[in-house]
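None of the figures in this text is laboratory data; all of them are computed from the coordinates on show. Keep in mind that this is a model prediction, so the values were computed, not measured. Virtual Cβ from ideal backbone geometry, glycine too; neighbours counted across all protein chains shown.
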Amino acid sequence: MNFPRLQHISMRTLLYIGAAALAFQAAFPFLWMVSTSLKPPPEVFATPPAFIPDEPTLENFIRLFSATHFLTYFKNSIVVCGWAVVLTMIVSAFGAYSLTRFRYPGREKFAGLILTTYMFAPIMVVIPFFILAKKIGIENTHLALVLSFTSFCLPFTLWMMRAFFMTIPLELEEAAMVDGCGRLRAVIFVVLPLALPGIIATSIFTFILAWNDYIFTRILIASDELKTLPVGVQDLFNSSVIDWGLIMAAGMMITIPALVFFVAVQRYLIRGWGAGAVKG
Amino acid sequence: MDNLSNPRRRQGSPAASDSQMGVGGTGQRLMRFAGDFFRVSKGERSEQVAGYLTIMPALFLILGLTLYPVGYSIWLSLLEKHSFFPQERFIGLSNYIYLWSDPEFWSSFWLGLVYSFWTIFFQIILGVAAALILNEAFIGRNLIRGIVLFPYMIPTIVAVILWKWLLNDMYGVVNYWLVAFGIVQEPISWLGADHIMFSVVLMSIWQFFPFVLLTILARLQTIPEKLYEAAKVDGASAFKRFIHITLPQIRGILFVVILLRSIWMFTKFDTVWLMGEGAGAGRFIRTLPVYAYMRTMTYYQAGLGAALAVIMFLLLVICTIVYFRMFREEADIG
């Protein structure tokens with residue numbers, strides 16, 4: 001075996017060790033969560049901690065659904081995130097179409113302004129937002145949450161949709177209109193079908209962002225029956241005795257929807273289309 | 001609408017003048033704007049109207065829900081205002097003067113700098129290293145590319161409870177391993193005063209470095225393979241290829257990533273707050289965003305909270321401008 005070949009093999013070995021370490025650090029905490037959520041209470045606190053539960057049980061999940069308001073929080077999360085996605089997507093689809101298809105003075109300025117607000121952090125917006133929401137009497141409502149999620153997501157959805165619309169050739173639309181289609185019909189039958197993958201991917205990113213929000217809900221929502229999952233679960237966590245099995249079961253239940261959606265869009269991320277598509 | 005049936009015209013005047021609008025004073029610009037708007041044909045006019053109508057909802061929401069609140073917080077910072085009761089009183093710059101002599105403000109400012117510096121530093125190093133690994137071809141690459149993004153996609157509350165459980169002083173698996181392998185004698189109180197900053201930095205790196213990885217990886221995939229082949233023929237080592245080919249190519253995007261990460265780490269609220277909550281040692285990681293939150297929601301001093309938000313905002317604006325000045329070349333590439 002000559003020297004370059006040896007060097008090649010050692011580089012490959014390093015590469016595989018690095019890749020394995022990356023996978024381990026990302027996956028292990030989740031696997032540990034799954035393991036803990038399936039353990040009965042005495043096993044949770046056993047020393048040494050076992051990775052595979054001796055007697056796996058769904059008891060923690062049953063307790064989560066029956067003894068806490070988890071299902072209410074879950075429903076609230078779905079409703080609020082659903083509306084936030086609908087509102088954000090309608091507004092940003094129109095906006096992105098405008099930014100890529102019409103010529104008018106000030107267009108690039110608007111695009112720049114939108115990109116600038118992408119950098120605004122929630123903490124800078126939420127305090128005045130809260131006071132304003134109190135003034136117009138929408139604090140402690142889902143409406144306030146939907147609006148704040150929209151304000152948070154809109155800059156990046158517009159930006160992403162703009163990128164998707166730019167990949168759709170203008171000529172297709174123009175050809176349809178030359179053939180006597182109105183603009184509206186050209187949009188519905190030519191542009192939308194082509195933009196659909198982009199619209200779906202953007203919706204999912206919006207959903208994940210809204211689903212993960214903590215700060216807006218913490219500040220804007222006071223009633224227990226209106227809370228979304230992250231805040232509801234934190235309150236479970238803050239109860240005096242921490243029931244780790246229950247908490248891990250709750251953690252799994254919040255993570256699963258986010259991960260399912262993530263798996264659906266990850267090829268866009270990896271391909272690089274969605275780089276910078278997520279904020280935080 | 002007939003305007004689209006004539007594709008030639010879309011290369012016409014309004015578009016060209018659009019890019020020139022940055023030249024000249026405000027008055028001139030306004031004139032040109034008005035000129036563009038009024039001195040156009042009927043077809044162009046209807047295209048402009050359609051353009052304004054379709055962008056309007058988005059602009060309206062961004063103005064009303066983001067820019068107006070941020071502007072309002074400047075006014076709010078000049079008031080003495082209870083967070084829940086309607087009374088308010090104008091007190092000028094008193095909130096800022098109070099903060100200037102408030103040791104708590106300076107300590108949270110310092111803690112925020114420490115937190116941001118270490119998290120950004122390691123996010124960039126790890127993110128670039130991981131992107132280089134995942135850019136090589138090997139079996140199972142796509143699977144691992146997916147898995148490493150998990151931590152970035154999950155709600156912060158989940159990341160926090162995961163790490164609080166892993167780092168738990170009595171039952172945590174990290175302490176168990178450290179003791180079992182004889183690295184430490186006694187379990188370490190990871191969420192205690194001495195180690196909580198380390199723990200929150202560690203956890204934040206874990207949660208956020210995938211963003212760096214993702215962005216750098218996307219850029220690496222666009223570097224032409226030819227460049228590397230030529231260098232290999234010339235006998236350049238892997239290290240040299242990184243310094244002379246990869247690094248210049250990712251400079252531009254690295255500039256943007258460092259800027260974005262700095263802004264977001266310095267204003268990071270939920271990770272730091274949730275990590276410190278209930279731990280008893282929370283005040284050892286009380287960064288500026290957490291302090292702003294506490295002033296507003298624990299002490300009900302919305303005016304002070306807003307003043308802190310404004311200070312953060314101004315700091316970020318100033319730093320962004322300085323950063324762009326310092327690295328003008330990179331900004332052009334990015």
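Once you sort the root eigenvalues of the Cα gyration tensor of chain A as a ≥ b ≥ c, which label holds: rounded (a/c under 1.5), prolate (a/b larger than b/c) or oblate (the other case)? Since a/c reaches 1.5 but b/c is at least a/b, the shape of chain A is classed as oblate. Note on the stretch B:72-176: dipole from Cβ charges, positive end direction compared against B:Y171, B:I161, B:N135; the farthest Cα belongs to B:N135. Which angle between 0 and 90 degrees, to the nearest 10, do you get for helix A:107-117 versus the longest principal axis of chain A when only C-alpha atoms count? Approximately 20 degrees, to the nearest ten. A simple spin-label model places the labels of A:I136 and A:L113 1.7 nm from each other, with each point 7 Å out along Cα-to-Cβ. Computed from point charges on the beta carbon alone (+1 for Lys and Arg, -1 for Asp and Glu), the dipole magnitude for the protein assembly as shown about its Cα centre is near 1760 Debye. Name the helices (complete DSSP H segments) of chain B with a Cα length along the long axis of 24 Å or more and a Kyte-Doolittle mean of at least 0.5, or state none. Qualifying helices, which must be both long enough and hydrophobic enough, are B:103-135, B:196-220, B:247-266, B:302-326.
I need the shape label for chain B. Rule: rounded when a/c is under 1.5, else prolate if a/b > b/c, else oblate, with a, b, c from the alpha carbon gyration tensor. Verdict is oblate for chain B.
Counting Cβ atoms of other protein chains within 10 Å of each Cβ in A:87-99 and taking the mean gives 4. With Cα atoms defining each centre, the stretch B:139-195 and the stretch A:82-103 are spaced 40 Å apart in the structure.
In chain A, with Lys and Arg counted as +1 and Asp and Glu as -1 at Cβ, which of these residues, A:T141, A:T202, A:F262, has the Cα nearest the positive end of the dipole, that is, farthest along it? My answer, from the dipole projection, is A:T202.
The packing ranking of peptides B:198-204, A:188-194, highest mean first, is B:198-204, A:188-194, where packing means the average number of other beta carbon atoms within 10 angstrom of each residue. Given Cα pairs under 8 Å that are at least 6 residues apart, what percent is the relative contact order of the stretch A:101-260? So the answer I get is 27 percent.
Here the simple spin-label model places points 7 Å from the Cα toward Cβ, and for B:N135 and A:Q25 these points are separated by 1.8 nm.
Rounded to the nearest Å, what's the spacing between the alpha carbon centres of the stretch A:158-185 and the stretch B:263-327? Just the number, please. Each part reduced to its Cα centre gives a spacing of 43 Å. Look at the stretch B:66-78: the mean tally of other chain Cβ atoms within 10 Å of its residues' Cβ atoms is 5.
In chain B, Cα pairs under 8 Å separated by at least six residues give a relative contact order of 24 percent. Within straight-line reach of B:K240, meaning a Cα separation under 17 Å, sit the following lysines at least 8 residues removed in sequence or on another chain: B:K226, B:K232. Relative to the first principal axis of the alpha-carbon coordinates of chain A, what is the inclination of helix A:142-166, with its axis defined by its Cα atoms, in degrees from 0 to 90 and to the nearest 10? Taking Cα atoms only, the helix is inclined about 60 degrees. For the stretch A:32-43, putting each phi into the Karplus relation 6.51 cos²θ - 1.76 cosθ + 1.60 with θ = phi - 60° gives couplings of 5, 5, 4, 4, 5, 5, 9, 8, x, x, x, 5 Hz, in residue order, rounded to whole numbers and with x for Gly and Pro.
Note on B:141-151: average number of Cβ atoms from other chains within 10 Å of each residue's Cβ is 6. Only Lys, Arg, Asp and Glu carry charge here, each on its Cβ (+1 for the first two, -1 for the last two); on that basis the stretch B:230-334 has a dipole of about 180 debye about its Cα centre. In chain B, the calculated helix contribution to ellipticity at 222 nm averages -22000 deg cm²/dmol per residue, counting -39,500 (n - 2.57) for every DSSP H run with n ≥ 4. Relative protection proxy for B:234-242, B:143-151, from highest mean packing down: B:143-151, B:234-242 (other beta-carbon atoms within 10 angstrom). Computed from the Cβ-Cβ distance with R0 of 35 Å, the FRET efficiency linking B:Y300 to B:I125 stands at 0.25. Assuming charge only on the beta carbon of Lys and Arg (+1) and of Asp and Glu (-1), the dipole of chain A about its Cα centre is about 920 debye to the nearest 20.
Peptides B:218-226, B:75-83 ordered by packing proxy, namely the average of other Cβ atoms within 10 Å per residue, highest first: B:75-83, B:218-226.
In chain A, Cα pairs under 8 Å separated by at least six residues give a relative contact order of 30 percent.
Can you bin the stretch A:3-44 into rounded, prolate or oblate? Criterion: square roots of the alpha carbon gyration tensor eigenvalues sorted a ≥ b ≥ c, rounded for a/c under 1.5, prolate for a/b above b/c, oblate for the rest. Note, shape of the stretch A:3-44 comes out prolate. Cross-link partners of B:K81 among lysines, defined as those whose alpha carbon lies under 17 angstrom from its own and excluding same-chain residues fewer than eight positions apart: A:K134, A:K135. Going by alpha carbons, how many degrees (0 to 90, nearest 10) lie between the helix axis of A:244-271 and the longest principal axis of chain A? So the inclination is approximately 40 degrees.
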